[in-house]
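Below is one structure, written out as structure tokens; the observations come after it.
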Amino acid sequence: METGAVFPQLPESEPRRAPEGDGGNGSVDGDATRNPFAGLVSHLRASWLSGKTRPMEYRMAQLKALGRFLDDKKQEILEATASDLGKAPFEAELSEILLCKNELHETLNNLSCWMKDEQVDRNLAMQLDSAFIRKDPYGVVLIIAPWNYPIHLFLVPLVGAIAAGNCVIVKPSEVSKKTEKLVAETLPGYLDKDCFAVVTGGVQETTRLLENKFDYIFFTGSPPVGRIIMTAAAKHLTPVTLELGGKNPCYVSDTCDVTNVARRVAWGRFFNAGQTCIAPDYLLCTIEMQEKLLPALRKAIDDFYGPNPRESPDFGRIVSDKQFQRVQRLLGSGRVAIGGQTDEAERYIAPTVLVDVQPLDPVMQEEIFGPILPIIIITNMDEAIDFINSRERPLAVYAFSSDDKVVNQVLERTSSGGFCGNDTLMHVTLPSLPFGGIGNSGLGTHHGKFSFDTFSHHRGCLKRGMGWERLNAPRYPPYSQQKFGVIRATSKVTRKSDCTLL
Amino acid sequence: NPYAGLVSHLRASWNSGKTRPMEYRVAQLEALGRFLDDKKQEILEATELDMGKPSFEAFFSEILLCKNELNVTLNNLSHWMKDEYVDKNLVMQLDSAFIRKDPYGVVLIIAPWNYPIHLFLVPLIGAIAAGNCAIIKPSEISKNTERLVAETLSCYLDSDCFAVVTGGVPETTRLLENKFDYIFFTGTPPVGRIIMTAAAKHLTPVTLELGGKNPCYVSDTCDVTNVARRVAWGRFFNAGQTCIAPDYLLCTIEMQEKLMPALREAITEFFGPNPRESPDFGRIVSDKQFQRLRAMLGSGRVALGGQTDEAERYIAPTVLADVLPSDPAMQEEIFGPILPIVVIANMDEAIDFINARPRPLAVYAFSCDSKIVNQVLERTSSGGFCGNDTLMHVTLTSLPFGGIGNSGLGRYHGKLTFDTFSHHRGCLHRSMGLETLNTPRYPPYTQQKLGLLTTTFEVKRRGTCTLL
């Protein structure tokens, strides 16, 4: 795209580079005060270039060490997350240990298969050649994790990054302080310090970190910060995965088992005190269904947490004062039908259901990320679908109906990262399903083999013979019709005709 | 925002769902095929006017390869579109778990001038196949092709869902103010950064097919004649204006001595004693590009070729010897019919040289010894790789085509183009009943419940079998 016009100049602070924008596999120079993490990134890059992360045995050893970290530090992880966000040990064990070990085992069980060159179909001209996809690591990758599932959301990507042969910097969230400290102090003891590091800090440190060139950036967090990350990545043409968020709608049709729906929705909404990127964010149903759901939700909450959830050991707390105040403000939307109690000292917000909520209310303007479930009244499924489609594409769409056709319609006519019919959250517990957003809720997918694929470059490779030059003769000038005929015959892909016979 | 109306219109069409049925997509793809058939002559003429592209080359790259991609897609679309069922754990045995392929919505394809039909049409095939609406922005540099596409393509495609936008940098900048659901860009790294930065504002996923200096290592153990022909072909095809062309050679001084006469012979065989008179050798696309290339002829020493004609924008097939890493020809992607040779002492030095530079779109290695080819593959990193030939790896629709690092991100061709333009949506459909299966997960939490959950959810580590 060159017509002589001048393109915007890259910013002055651009570090010194070799021609074409980066020093080969790209370390960045700069003195320590200007770029405090340059030395660390350099060190990891040197380790990567040495090739030590390439052998399968090395990667398996690091992955097994990660497994030992989870086993040895289980108690500390439960305590840290309990301290950070009142996470019930059961929930922590499920999300921070069990699901992580599943990903680890899935990877360890399949790594040798995933790493293999994938042979591909060849055309006539290449029958004697070797054509395959080689899985190469990217190099030095950065994983930035949030506070709500503070082990899981760095560790699961890390499993993929290690499996694919990369070196990694892990940046856990400073908001979940105890977990951050645990990770910073203990994780390096399990992994090869030449290839893996933990960096701590807040916005400022992350900004400095992002001045460096990484070969992949994996970010989980909010959309506004996702934009910042992608803009920073663009300077170095660094590929990214962004696991963001949004308001996950939950449509409940008139044809359903109200008791079951109430339990499954309440579970998804109030797990981790609502601080879950894939939690059902708001309900869409008819006024008749709302009438039925409210008592069912009240019963579910009572079954789960007792008459006073504040006394239940199984219900979490809000992670910080700032988040508490933000979520508390949302209680003013509509009318509190269930719950609504708060305690600032404990950062407790009761499992809450809001009714008479209008689309313009505060609770409908941002991702709730707390234990509040607003109900929006619609008259029918079409209206619900239109409502969903007039808003940003969420990480998950939920639809409850005894009628499969209704579930399928919602799936068909909406667009979201993932989808679950007749339940909440569960689709992300299966490593064989890709997990990721679309539009405002993110880009890229991971879990299971998708994590390995995310962190590896699929390199198209062709190996030909040094001889057999006669086979190449038709392609060389001087060009002729006859030569073209041969080329066409050996390389064309024909349209398979539709067979109209039975 | 001059394009807001157009983007709105396409978005409304997409929201209407008209691009979703397979029959619709097949019809649009078949129309693309008719465009290639009906307009074949015009395409050959336009690309010849734009850069002296020989008809044979245009037929191969702009028609045949495009039709291959079309046919692979038409042959397989119903299969690619299907929901992919996935493995389930114990607790989900009665559920339906699958990956749904959803379109992104309204996508933007920005193409460059060097293969001006191919480089918008092949991505467009995937975009249509995946159910999107698309805006195509062909390059204003290949003026004749741009006009052809702008004037005729819309007659073949549904104008509610597909549009061509023309213009230069200002128009593209305005276009990028709009939110797209995917942006597919082929061009240079600096512009790639601009595109990705613009995309970041809307969290728009991108594929960037960029460029770099593709190294070509020639070991001492090779058939010099064959190597010279294959390298010359790759370098001088389209007068060197190919993103995956071998950009520079790495070999020992002894191999340089042997290669030189072989390259001379190959060039003469291909283009005759005066390539300027050959109908099979192209021209440089613009005066600006011509001057940029001519300035490189001062690097090292002209061993072969070196003649130029400004009026015709002709640069002879040229080989430069004694080139130093600091020379101008080694500072940027050449993108012209000039092949510098950089002398190294051995394979290790060649690999270090390659690894000290930005990762290219392709690495080439020539050797009779397959261990050497494998070493170069193993110890370098690039978009793609070809051993003992040039360019050919991108003609196979089953291989991913894309860059890494400075040479780009994302990949396409064949099914991968469909995958690029579709969102893989993880879906689980459970039963409304069977609530007892869910009870272990609900509070009040107990050890017993945790034990049950673990049993039904866990993925066990398979023991490594040490028996034969």
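The values are calculated or read from the model by the stated rules, or taken from the named source; none is laboratory data. Treat the numbers as computed from the prediction; the structure is a model and nothing was measured. In this analysis, Cβ positions are derived from the backbone assuming ideal geometry, glycine residues included, and neighbour counts consider all displayed protein chains. The area values use the complete protein model at the heavy-atom level, side chains included, leaving out ligands, DNA and RNA. Shrake-Rupley method; radii C 1.70, N 1.55, O 1.52, S 1.80 Å.
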Can you compute 3J(HN,Hα) from phi for each residue in segment A:72-85, using the Karplus curve 6.51 cos²θ - 1.76 cosθ + 1.60 with θ = phi - 60°, rounded to whole Hz and x for Gly and Pro?
4, 9, 4, 4, 4, 5, 4, 5, 5, 6, 5, 5, 5, 9
So, R0 is 51 Å and r is the distance between the beta-carbons of B:LEU94 and B:GLU171; what FRET efficiency does that work out to, to 0.05?
0.40
B:ASP160/B:ASP37 FRET efficiency (R0 22 Å; Cβ-Cβ; nearest 0.05):
0.40
Under Karplus coefficients 6.51, -1.76 and 1.60, residue-wise ³J(HN,Hα) of segment A:231-240 in Hz, glycine/proline x
5, 5, 5, 4, 4, 10, 6, 8, x, 9
Can you give the FRET efficiency for A:GLN341 and B:GLU435, using 1/(1 + (r/R0)^6), R0 = 30 Å, r = Cβ-Cβ distance, to the nearest 0.05?
0.60
Counting only residues 5 or more apart in sequence or on a different chain, those whose built amide H sits under 5 Å from that of A:HIS457 are A:ASP136, A:TYR138
Name the lysines eligible as straight-distance cross-link partners of B:LYS143: C-alpha to C-alpha under 19 Å, and not fewer than 8 places from it in the same chain.
B:LYS39, B:LYS40, B:LYS53, B:LYS288
For B:ASP309, B:ASP50, B:ASP38, the accessible-area ranking with a 1.4 Å probe, largest leading, is B:ASP38, B:ASP309, B:ASP50
Relative to the isolated chain, which residues of segment B:69-88 have their accessible area cut by 10 Å² or more in the presence of all protein chains (1.4 Å probe, heavy atoms, no ligands or nucleic acids)?
B:ASN71, B:VAL72, B:LEU74, B:ASN75, B:VAL86, B:ASP87
Report the Cα centroid-to-centroid distance between segment B:169-235 and segment A:198-253 in angstrom, as an integer.
24 Å
Here segment B:439-452 yields Karplus 3J(HN,Hα) values (6.51, -1.76, 1.60; θ = phi - 60°; whole Hz; Gly and Pro given as x) of 4, x, 8, 7, x, x, 7, 9, 4, 4, 4, 4, x, 5
Hey, got the average number of other protein chain Cβ atoms within 10 angstrom for residues in B:109-118?
1
So for A:GLU93, A:GLU383, what's the accessible-area order with a 1.4 Å probe, most first?
A:GLU383, A:GLU93
Partner shielding of B:188-194, taken as the mean number of other chain Cβ atoms within 10 Å, equals 5
With every protein chain in place, the residues of segment B:428-445 shedding 40 Å² or more of accessible area versus the chain by itself (probe 1.4 Å) are B:LEU428, B:HIS429, B:ARG430, B:MET432, B:GLU435, B:ARG441, B:TYR442, B:PRO443, B:TYR445
Test of understanding: what is the full-extension gain from B:ASN75 to B:GLU23, defined as 0.36 nm times their sequence separation minus their Cα-Cα distance?
17.4 nm
Starting from the Cα of B:LYS82, draw a straight line to each of the lysines and keep only those under 27 Å, dropping any in the same chain fewer than 8 residues away.
A:LYS116, A:LYS135, A:LYS405, A:LYS449, A:LYS492, A:LYS496, B:LYS18, B:LYS67, B:LYS101, B:LYS415
Compute the distance in nm between two label points, each set 7 Å from the Cα along the Cα-to-Cβ direction, one at B:GLU151 and one at A:ALA46.
6.2 nm
Once fully extended, how much extra length lies between A:GLU118 and A:THR490, figured as 0.36 nm per residue of separation less the alpha-carbon to alpha-carbon distance?
131.6 nm
Order of B:97-108, B:116-127, B:296-307 by packing, highest average Cβ count within 10 Å first?
B:116-127, B:97-108, B:296-307
Tally Lys/Arg at +1 and Asp/Glu at -1 over every other residue whose Cβ is under 14 Å from the Cβ of A:HIS105; what's the total?
+2
For every helix of n ≥ 4 consecutive DSSP H residues, a contribution of -39,500 (n - 2.57) applies; sum these over chain B, divide by its total residues, and give [θ] at 222 nm rounded to the nearest 500 deg cm²/dmol.
-12500 deg cm²/dmol
Between B:THR454 and B:ASP83, with labels modelled 7 Å along Cα→Cβ, what's the label distance in nm to one decimal, could you check?
3.4 nm
In whole percent, what relative contact order does chain A give with Cα contacts below 8 Å and a gap of six or more residues?
17 percent
Segment B:15-101: spread of alpha-carbon positions along the three principal axes, whole Å, largest first, is 64, 28, 20
Values of log10 I(q)/I(0), in the order q = 0.09, 0.10 Å⁻¹, for chain B under a Debye, Cα-only, solvent-free model
-0.68, -0.80
When you take every Cα atom in segment B:240-391, what is the radius of gyration, and what is Dmax, the widest Cα pair distance, in Å?
15.5, 47
A:GLU57: net charge of surrounding residues, Cβ under 14 Å, Lys/Arg +1, Asp/Glu -1, itself excluded?
+3
From largest accessible area down, sort A:SER320, A:SER451, A:SER390; use a 1.4 Å probe on the protein chains.
A:SER390, A:SER320, A:SER451
Please work out, to two decimal places, the log10 of the ratio I(q)/I(0) at q = 0.07 Å⁻¹ from a Debye calculation in which every Cα of the protein assembly as shown carries one identical scatterer.
-0.60
Just checking the output field for A:89-99: average partner chain Cβ neighbours within 10 Å of each residue's Cβ?
3
Which of the three applies to segment A:53-145, rounded, prolate or oblate, going by the alpha-carbon gyration tensor with a ≥ b ≥ c and a/c under 1.5 meaning rounded?
prolate
